[in-house]
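Structure first, then comments.
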Amino acid sequence: MEATALRQLTAYTAVALAASFTTAAAVMHVSQSSLSRAIADASSSACRLADRRCTVILVSPASLAI
């Protein structure tokens with residue numbers, strides 16, 4: 001697995017487990033903006049991995065297949 005893909009998968013997993021970008025970023029010792037960017041880079045317009053709504057993070061059905 002490519003290092004970038006592994007980093008993105010790790011970021012996504014941290015967000016899914018924490019249900020919070022801020023908490024996941026703190027756990028991973030990275031900035032919230034870099035974590036958000038990793039999730040955005042892993043997502044595409046056809047397949048969103050996470051849906052941010054105010055303070056709630058919703059895991060998309062497409063990401064459950066991962």
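List, please: which pairs have Cβ atoms under 8 Å, are six or more places apart or on different chains, and start with a residue in region 4-24 that is of a type in the set (Phe, Trp, Tyr) and end with one that is at pLDDT 85 or above and open to solvent by less than 40 Å² (accessible area, probe 1.4 Å)?
So the pair list comes out as Tyr12/Ala38; Phe21/Val15; Phe21/Leu35; Phe21/Ser36.
Name the residue that is farthest from the chain's Cα centre (by Cα), counting only residues in region 1-15 that are assigned to a helix (DSSP H, G or I) and either among the charged types (D, E, K, R) or crowded, with 18+ Cβ neighbours inside 10 Å (or both).
Taking the candidates together, the pick is Arg7.
Which one is modelled with the lowest pLDDT among residues in region 16-31 that are in a helix (DSSP H, G or I) and surrounded by 15 or more Cβ atoms within 10 Å (Cβ to Cβ)? Spell out how you get there, then give the answer.
Of all residues in region 16-31, those in a helix (DSSP H, G or I) come to 16-18, 21-28.
Remaining after also requiring surrounded by 15 or more Cβ atoms within 10 Å (Cβ to Cβ): 16, 18, 21, 23-26, 28.
Details: Ala16: 83, Ala18: 88, Phe21: 86, Thr23: 92, Ala24: 92, Ala25: 94, Ala26: 95, Met28: 94.
Checking each candidate, the answer is Ala16.
Among Ala40, Ala46, which is the only one that is at pLDDT 70 or above and either surrounded by 11 or more Cβ atoms within 10 Å (Cβ to Cβ) or part of a loop (DSSP other than H, G, I, E, B) (or both)?
Ala40
The values are calculated or read from the model by the stated rules, or taken from the named source; none is laboratory data. Remember, it's a predicted structure, so these values are computed and weren't measured experimentally. Using ideal geometry, Cβ is built from the backbone for each residue, glycine included, and neighbour counts are taken over all protein chains shown. With ligands, DNA and RNA removed, areas are computed over all heavy atoms of the protein, side chains included. Shrake-Rupley method; radii C 1.70, N 1.55, O 1.52, S 1.80 Å.
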